[in-house]
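All of the numbers you see were taken from the coordinates with simple rules; none came from a lab. Predicted model, so just to flag it, every value in this text is computed and none were measured. Quick reminder, even Gly has a Cβ in these numbers, built from the backbone with ideal geometry, and neighbours come from all protein chains shown.
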């Protein structure tokens, strides 16, 4: 004979434990995401700092070229990357005003490249004259440095901002194996 009483249901056990574990998993994923965002923010801040410094360096070069227009027009400011600052035969300072435009340009390049090496990680530069057929006097400037924290894309310069790979100095090509090659391109009209 059947009982007229409803059957007793078993109570489920452990449901709250599963809910707690899922909540811990969601919180852990949130914390990991926030940590990844913080790391990227720090990396981008450093990149932004280097780019701002590069813009200041190019502005400094433009001022030097405008101050020595004769040396600029003679093509004394163009050069390709070098592993060391160009040698200068005479120190040209404000107190030593009897420098030729070529000597002043050599001093400017020496000071400017020294500033690049001090300010950018493994920094160097390349300056080439702009075609004067257009009637504009100017130069193309590439600032080149290595970002050692970005070794994942090492040796792959951005094609739009770096000079062609075959025009880079051997020292830059060799050093690019240990970090990501970064470049900034500017055109200075004097």
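Worth a mention:
- Treating r as the C-beta distance of residue 56 and residue 34 and R0 as 41 Å, the FRET efficiency rounds to 0.80.
- As a rough footprinting exposure proxy, the listed residues 64, 187 were ranked by other beta carbons within 10 Å of their own, and the order from fewest upward is 187, 64.
- The packing ranking of peptides 65-78, 46-59, highest mean first, is 65-78, 46-59, where packing means the average number of other beta carbon atoms within 10 angstrom of each residue.
- Proxy reagent accessibility, fewest Cβ within 10 Å first, across 118, 108: 118, 108
- Pairwise label distance in nanometres, residue 16 with residue 187, each label 7 Å out on the Cα-Cβ vector: 7.2
- Ascending count of other beta-carbon atoms within 10 Å, so fewest first, for 145, 112: 112, 145
- Chain lengthening between residue 41 and residue 98 when straightened (0.36 nm per residue, less Cα-Cα): 15.5 nm
- Residue 80 paired with residue 67, simple spin-label distance in nm, labels 7 Å along Cα-to-beta-carbon: 3.0
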